[in-house]
Amino acid sequence: MKKIILILAVFISLFACSDSQINLSALRAADYIASANLVSGQWVSDDPQSGSFHYMGFNTDSAGAAALPSVAVFTGLPGNTDSGDISRLEIFNLVENGGFESAITDWDNNGTGATYSRDNTDPNRVNDDAGNNSLKFSISNVTPPAMDIIRFNLSHLRDGFIVNSNYIIRLYYTLRKTDDTLVLEYNNGAPPPGSQICCTWITESETGWIDDNTVYTKFPDYKNIDTNIIAVAGNYFCIGSYNTAYAKVKEGFIDDFRIIKSDQDYYIRLEIPYSESGRPDLHTGTYKFSVYVKGEADADVSPAQNRFRSSRISLGINNKLKGFSSLEYNNASWTKLSVEEFIQINPGDTIELKISSADSTFLTNSLDIGSVLIAGPELEYISN
């Protein structure tokens, strides 16, 4: 009997020792990145770059120079968040003048009868770029396969197309006269016989739209030009009007023309080591990664800098990536967003955290250029 009691005492002692070593209360009280705020230099930017052009900026501009957010945005953070720990994370538009707030230099009409100009008379356009100009166009359908068009020269992109790379093209457009089909296309090869522009066609149906009634939509919300584009002479993005029966003038506006290289990751990253002075070691369980986010202030969404607010952002913890719509945060106040993940930890393991001003969780359906403000990242152990 004494032997059994002794064995039980040893077992209980070992169990108590193991429990004290884990110390769940200490784990839950720790901030695993307290010493790694956003301005500490420990966060790593993937910083994709082509020549002198940077696709992404972490407190930097597209040339790599410092570009911190204005002091005015420091207000409104919770009291336990360092007011100096505010950063701008931005993916840059490959189009130099995507908001049409400067003179139009990269578009032409290919010698057709189409006309275009910089204009601010569209009453229904709510601009995301804090400017009020759009590109106004007038395009006619003529005898097929001829076509009046306007086109953007893709060789004028800020980095130029890279051979065998993928890109996404996005824009907003508004039509004033519609009873047939508007054609949006990009050039990725030889034109078919009889065509002036040609390439791969993306056709937006307008069936049921009413003449002289402005319609506002996005392209391509559900159709994405995300393809392997070969860098050859004469690459264009074209907008035309097509009707096999008769000529019809089509008038409208284009705004917020954006192009992003889509085969590139756009994150800042932080690796959390297994052991670090001042906090418990990593332990198997569920972790919660949080960060405060805020949309750019109107004054900082600068048409001169071609800056747009991010429409979606994402947070990652190891292999778990979560996207957030801009409907889940705003430009007036700070919002705390988070992602949780159960992680099996072995001695020596690390945890990787990611923040992006874009969202690739839905692949091409969600990836876009844009800027967001971030502050106060935290990593917490919340359960075993």
Residues F100, F161, F137 arranged by fewest to most Cβ contacts within 10 Å: F161, F137, F100
Phi-based couplings in Hz for segment 29-42 (Karplus 6.51, -1.76, 1.60; Gly and Pro marked x): 8, 8, 9, 6, 10, 4, 8, 10, 5, 5, 9, 7, x, 7
Label zone at A26 (point 7 Å along Cα-to-Cβ), backbone N below 13 Å, segment 252-290: 276-283
Amide H partners (placed H, <5 Å) of T284, local residues excluded: I345
Amide hydrogen neighbours beyond the local backbone of S45, cut-off 5 Å, H modeled: R269
Vicinal HN-Hα couplings computed from phi for segment 371-381 (Karplus, 6.51 cos²θ - 1.76 cosθ + 1.60; Hz; Gly/Pro x): 10, 8, 9, 9, 7, x, x, 9, 10, 10, 8
Estimated vicinal HN-Hα couplings, Hz - segment 322-334 in sequence order (Karplus 6.51, -1.76, 1.60; Gly, Pro = x): 10, x, 10, 7, 5, 5, 8, 8, 9, 9, 9, 8, 8
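Here, each number is a calculation from the coordinates, and none is a lab measurement. Everything numeric here is computed off the predicted structure, so don't read it as measured data. Reconstructed Cβ throughout: ideal geometry from the backbone, glycine too, with neighbour counts over all protein chains shown.
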